[in-house]
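A.B. asks: Quick one: this structure, given as structure tokens, is what I'll be asking you about.
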Amino acid sequence: KNGIFKVSGLIDPNQHPQMITALVAMSIQSHGKMDQVLKKIEQLPNVVWAGVVTGRYDIIAEVVCVGGKDELYRFTTNTILKIGNVIRSETFILLKSRHNWLCLPKGVEEI
């Protein structure tokens, strides 16, 4: 009721041969509206979570693509550019991870 506890099923991305998990770091031109840009990004298909960060980039998002590198390519070249505020992005593909159970975000095709 308070929104502090959520029960959900999790998937181990290492067990799915085509699934790619990536961190997409973005430089944003926000014009003082970073919260609105963050909300747009976290609502994109394939985004597990997004957050405003310190350092070279403004926002980092964790992205899950069941369709492999082609789906990730579409996300990084088409989907995030539709927001209009992304000036530059850099994508970090997770090659291997431990204890990285995650919820499938909306927009991810059934596996």
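A.B. asks: Restricting to region 11-31, name every residue that is open to solvent by less than 80 Å² (accessible area, probe 1.4 Å) and either under 12 Å from the mean Cα position of the chain (by Cα) or modelled with pLDDT of 90 or more (or both).
C.D. replies: The answer is Ile20, Thr21, Ala22, Leu23, Val24, Ala25, Met26, Ser27, Ile28.
A.B. asks: Restricting to region 32-60, name every residue that is touching a residue at least 24 places away in the same chain (Cβ under 8 Å) and either in contact with a Phe, Trp or Tyr (Cβ under 6 Å, 6 or more places away or on another chain) or on the phi > 0 side of the Ramachandran plot (or both).
C.D. replies: Once the filter is applied, which keeps residues that are touching a residue at least 24 places away in the same chain (Cβ under 8 Å) and either in contact with a Phe, Trp or Tyr (Cβ under 6 Å, 6 or more places away or on another chain) or on the phi > 0 side of the Ramachandran plot (or both), region 32-60 yields only Asn46.
A.B. asks: With respect to the numbered conditions (1) modelled with pLDDT of 85 or more; (2) small (Gly, Ala, Ser); (3) loosely packed, with under 13 Cβ neighbours inside 10 Å, which one is the sole condition not fulfilled by Gly3?
C.D. replies: Exception for Gly3: condition (1).
A.B. asks: Determine, yes or no, whether Glu90 is under 14 Å from Ile41 (Cβ atoms), outside any helix (DSSP H, G or I) and either open to solvent by less than 20 Å² (accessible area, probe 1.4 Å) or modelled with pLDDT of 85 or more (or both).
C.D. replies: Working: under 14 Å from Ile41 (Cβ atoms): no; outside any helix (DSSP H, G or I): yes; either open to solvent by less than 20 Å² (accessible area, probe 1.4 Å) or modelled with pLDDT of 85 or more (or both): yes.
Criteria not met by Glu90.
A.B. asks: Could you check region 33-51 and list, in sequence order, the residues that are among the aliphatic types (A, V, I, L, M) and farther than 15 Å from Ile80 by Cβ?
C.D. replies: Once the filter is applied, which keeps residues that are among the aliphatic types (A, V, I, L, M) and farther than 15 Å from Ile80 by Cβ, region 33-51 yields only Met34.
The values are calculated or read from the model by the stated rules, or taken from the named source; none is laboratory data. It should be emphasised that the depicted structure is a prediction, and the values quoted were computed from it without experimental measurement. Here Cβ is always computed from backbone atoms with ideal geometry, including for glycine, and neighbour counts include all displayed protein chains. Accessible surface is based on the protein model in full, side chains and every heavy atom, while ligands, DNA and RNA are left aside. Shrake-Rupley method; radii C 1.70, N 1.55, O 1.52, S 1.80 Å.
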